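Right, one structure below, let's go through it.
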Amino acid sequence: MTRPFDICIRGAGIVGRTLALHLAGKQLRVALVTPDAAQARAPQEAATDVRAYALNQSSRALLEAVRCWPDEQDATPVLSMQVQGDDGGQVAFDAGEAAAPALNWIVDVPVLEARLADAVRFQPLIEVVDAPKPAALTVVCEGKASQSRQEWGVEWDVTPYAQWALACRVQCAHAHAQVARQWFSKGEILAFLPLGGPSGNLCAIVWSVNPERAQELQAASEEVFCQALETASHGALGAVVLTSARKVWPLQQALARRWTGSCGQGAWVLAGDAAHNVHPLAGQGLNMGLGDVAELVRVLNGRAYWRSVGDPRLLRQYERARKADFAVLGQANDVLQQLFTHRHPTLQALRNWGMNRFEESGPIKQWVARRAMGVLGHSATQGKSKP
């Protein structure tokens, strides 16, 4: 007889596939739900996918543990980060000061997704299915528009921001020198993220602006768009040439009120964007989702032999830990977004003063850097928790 599924994972993005590989590595049988339409769509979309994520050391360790970390050309190490305010405020982070190989890595999303998909195909304990299957535990990794979350009546607290993100890729006249650059100016947030390896001059752009400007920038000619980008970046990398489509989407912070419960098929938990969304200004969205993976794997791997993977006590432990993490990172992210997008002159002066004081803060700045780098706390690869 075929062995029953221990886990059913709804959603086969980066979070879902990474979780499936780790759980299968713990000898759990996993059903990974990937609708046929999504599978058929992936190859065509990969060629025009402009997404890139800043992944920290904890996320790297999680992906390396399942042999899915990309090569250096597709996971560019960031050696320093320069943040500029709109009136003289500035903050700089340096990997050398933190005694780290990199602050983070800017990862090409299509490449990472392809590696995870290949690994899933060669893992015999993972079965890719096109509909949910009965299992002791269902993990929902369907993203912010999760149908399962809606189906189970989970309340979704959303704080919409008066901003949309515009993402694209550009080739710059000057090499990026493994520096991530960010500007806060006139209520807008612009990031240049280095891609293409250490000596590259390709950058992923994430530009948070009001909805009307986002649509104007998306519709503008390439020449007009590139000129606007050069102006907003103060020509830091010289002339830029657009090398991709321009994608826009509305920004929000959101949190599910419940992350675990039970349904007719057994217990369930939420993970990734199905549980939480944050503004991209600090680059922590996917790191938080992979943090969910690490904590859930740690909790399930550390259970007593007689406990089911759907044991409510274990799942509440996971929920408490991850909500506590969101309370720190999510709320800090929200405060920064509110502070840096407000146009009041007094707040402008205050935030630039605050940036300069933070730059001189020593231990506080070091702690924040280490927190963002993912070198505080534990991961799923660091052993078992107590039963």
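The values are calculated or read from the model by the stated rules, or taken from the named source; none is laboratory data. For clarity, every value in this text was computed on a predicted model and none was experimentally measured. In this analysis, Cβ positions are derived from the backbone assuming ideal geometry, glycine residues included, and neighbour counts consider all displayed protein chains. Protein only, heavy atoms only, side chains kept; ligands, DNA and RNA dropped before computing areas. Shrake-Rupley method; radii C 1.70, N 1.55, O 1.52, S 1.80 Å.
Could you give the alpha-carbon Rg of segment 163-219 over 2.2 N^0.38 Å, rounded to two decimals?
Numbers: Rg = 12.1 Å, N = 57, 2.2 N^0.38 = 10.2 Å.
Here the answer is 1.19, to two decimals.
In debye, nearest 20, what is the charge dipole magnitude of segment 82-201 about its Cα centre with +1 on Lys and Arg Cβ and -1 on Asp and Glu Cβ, if you could check?
The dipole magnitude comes to about 240 debye.
What is the projected area of the convex hull of the Cα atoms of segment 16-165, averaged over all directions, in nm²? If you can, show how the numbers build up before the last one.
On the way: hull surface 50.6 nm².
For segment 16-165, the mean projected area of the Cα convex hull comes to 12.7 nm².
Based only on Cα atoms, what mean projected area does the convex hull of segment 169-272 have, in nm²?
9.6 nm²
In whole Hz, with x marking every Gly and Pro, tabulate ³J(HN,Hα) for segment 175-183 from phi via Karplus 6.51 cos²θ - 1.76 cosθ + 1.60, θ = phi - 60°.
Karplus-based 3J(HN,Hα) across segment 175-183 equals 5, 6, 6, 6, 10, 8, 10, 9, 10 Hz.
So which chymotrypsin sites (Phe, Trp or Tyr not before Pro) in segment 253-326 are both in a DSSP loop and have at most 16 other Cβ atoms within 10 Å of their Cβ?
Sites meeting the loop and neighbour criteria: 305, 306.
I need the phi-derived Karplus couplings for segment 313-325: 6.51 cos²θ - 1.76 cosθ + 1.60, θ = phi - 60°, integer Hz, Gly and Pro marked x.
5, 5, 5, 5, 4, 4, 4, 4, 5, 6, 5, 5, 5
In segment 244-332, if every C-alpha pair distance is counted and binned at 10 Å from zero, what percent goes to each bin?
Taking all Cα pairs of segment 244-332, the binned fractions are 15, 45, 26, 11, 3, 0 percent.
Counting heavy atoms of the protein chains only and a 1.4 Å probe, report the per residue accessible area for segment 158-214 as a whole number of Å².
On a per-residue basis, segment 158-214 sits at 32 Å².
With point charges of +1 on the Cβ of Lys and Arg and -1 on the Cβ of Asp and Glu, referenced to the Cα centre of segment 263-317, which listed residue (290, 271, 315) lies farthest in the positive direction of the dipole?
Positive-end residue among those listed: 315.
With a cap of 13 neighbouring Cβ atoms within 10 Å, and only residues DSSP puts in a loop, list the trypsin sites (Lys or Arg not before Pro) found in segment 246-311. Walk me through the numbers before you get to the answer.
Numbers: sites: 246, 247, 257, 258, 298, 303, 307; in loops: 246, 257, 258, 303, 307.
Listed in order of number, the matching sites are 257, 307.
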